[in-house]
Amino acid sequence: MIAVNWYGPYSSIDAANKAAKADFTKGLYMASGVCRYQRKPSLQYIGIAKTNISQRLDTKHHGKLGLITKRLNIWLGEIATSEPGGRKLKVTPATLDYAEWLHARLLKIPLNEKKTKTLPSIGVTVLNRWFCKDYKTPRQRRPHADWPDLLDFPHYELPAWIVFFGSRQHTYLAPKYGLDDDA
């Protein structure tokens, strides 16, 4: 289970880069907007940075962000759960790797080429949570209609789930958390 806290949106690469330099080291970034020959904004690219996210946020690094020509929005993602135990198999933290992988593969993000052909070798669930740029105010709505709240890949030949939480939910404010008012 991987929880990702997303912060934004930043409407330019420079603004996202500035925020990343101030507050992020490793993490994810999601870019949405309109590319050439498109009319509607959509999720365009998800990337990871294992050491310094601000170094990845430029049009020169890999050119993908430069392909988004209009209505650019960049979200910075921070992993809010711990790394799985055991031997490290890669240099990239597993939580970053799997979160990027599930988004790119299950959401078919168009500018991502890697991690779209295969699925992870283990079951993974990613929970997305969105916050404003002040890093503490939760957003009431997801940033894009195609960006789900939950991605679940159980791996055991079971179907993967892309879940959008709807309006039929109960919200419990602290400190009650589901207790009756009479208690």
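The values are calculated or read from the model by the stated rules, or taken from the named source; none is laboratory data. A quick note: this is a predicted structure, and the numbers were derived from the prediction, not measured. No Cβ is skipped: glycine too gets one built from the backbone with ideal geometry, and neighbour counts run over all protein chains shown.
Return a yes/no flag: does segment 23-31 have any residue that is more than 18 Å from A80 (Cα to Cα), touching a strand residue (DSSP E or B) at 6+ places or on another chain (Cβ under 7 Å), hydroxyl-bearing (S, T, Y) and surrounded by 15 or more Cβ atoms within 10 Å (Cβ to Cβ).
Here is the first cut: in segment 23-31, the residues more than 18 Å from A80 (Cα to Cα) are 31.
Filter again for touching a strand residue (DSSP E or B) at 6+ places or on another chain (Cβ under 7 Å), leaving 31.
Of the ones still in play, those that are also hydroxyl-bearing (S, T, Y) are none.
Within segment 23-31, not a single residue is more than 18 Å from A80 (Cα to Cα), touching a strand residue (DSSP E or B) at 6+ places or on another chain (Cβ under 7 Å), hydroxyl-bearing (S, T, Y) and surrounded by 15 or more Cβ atoms within 10 Å (Cβ to Cβ).
Would you call V124 farther than 22 Å from L65 by Cβ and either touching a residue at least 60 places away in the same chain (Cβ under 8 Å) or touching a Gly at 6+ places or on another chain (Cβ under 7 Å) (or both)? If you could, list the steps in order and put the result at the bottom.
On the way: farther than 22 Å from L65 by Cβ: yes; either touching a residue at least 60 places away in the same chain (Cβ under 8 Å) or touching a Gly at 6+ places or on another chain (Cβ under 7 Å) (or both): yes.
It is true that V124 is farther than 22 Å from L65 by Cβ and either touching a residue at least 60 places away in the same chain (Cβ under 8 Å) or touching a Gly at 6+ places or on another chain (Cβ under 7 Å) (or both).
Can you confirm whether segment 119-129 contains a residue that is in a loop (DSSP other than H, G, I, E, B), buried (at least 16 other Cβ atoms within 10 Å of the Cβ) and modelled with pLDDT of 85 or more?
No: segment 119-129 contains no residue that is in a loop (DSSP other than H, G, I, E, B), buried (at least 16 other Cβ atoms within 10 Å of the Cβ) and modelled with pLDDT of 85 or more.
Could you list, in sequence order, the residues of segment 19-30 that are of a type outside the set (A, V, I, L, M, F, W, C), touching a helix residue (DSSP H, G or I) at 6+ places or on another chain (Cβ under 8 Å) and more than 17 Å from N128 (Cβ to Cβ)?
K21, T25, K26 - these are the residues of segment 19-30 that are of a type outside the set (A, V, I, L, M, F, W, C), touching a helix residue (DSSP H, G or I) at 6+ places or on another chain (Cβ under 8 Å) and more than 17 Å from N128 (Cβ to Cβ).
Please state which one of K108, K115 is surrounded by 13 or more Cβ atoms within 10 Å (Cβ to Cβ), without any contact (Cβ under 8 Å) to a residue 24 or more places away in the chain and under 22 Å from Q44 (Cβ atoms).
K115
Which helices (runs of 4 or more DSSP H) does segment 1-114 wholly contain that include 2 or more residues that are modelled with pLDDT of 95 or more and either of a type outside the set (F, W, Y) or more than 17 Å from the chain's Cα centre (by Cα) (or both)?
Details: elements: 13-23, 53-56, 94-106.
Of the helices (runs of 4 or more DSSP H) lying wholly inside segment 1-114, those with at least 2 residues that are modelled with pLDDT of 95 or more and either of a type outside the set (F, W, Y) or more than 17 Å from the chain's Cα centre (by Cα) (or both) span 94-106.
If you check W6, W75, which single one turns out to be touching a residue at least 60 places away in the same chain (Cβ under 8 Å), touching a Phe, Trp or Tyr at 6+ places or on another chain (Cβ under 6 Å) and surrounded by 23 or more Cβ atoms within 10 Å (Cβ to Cβ)? Spell out the reasoning first.
Values: W6 fails: surrounded by 23 or more Cβ atoms within 10 Å (Cβ to Cβ).
Answer to the selection: W75.
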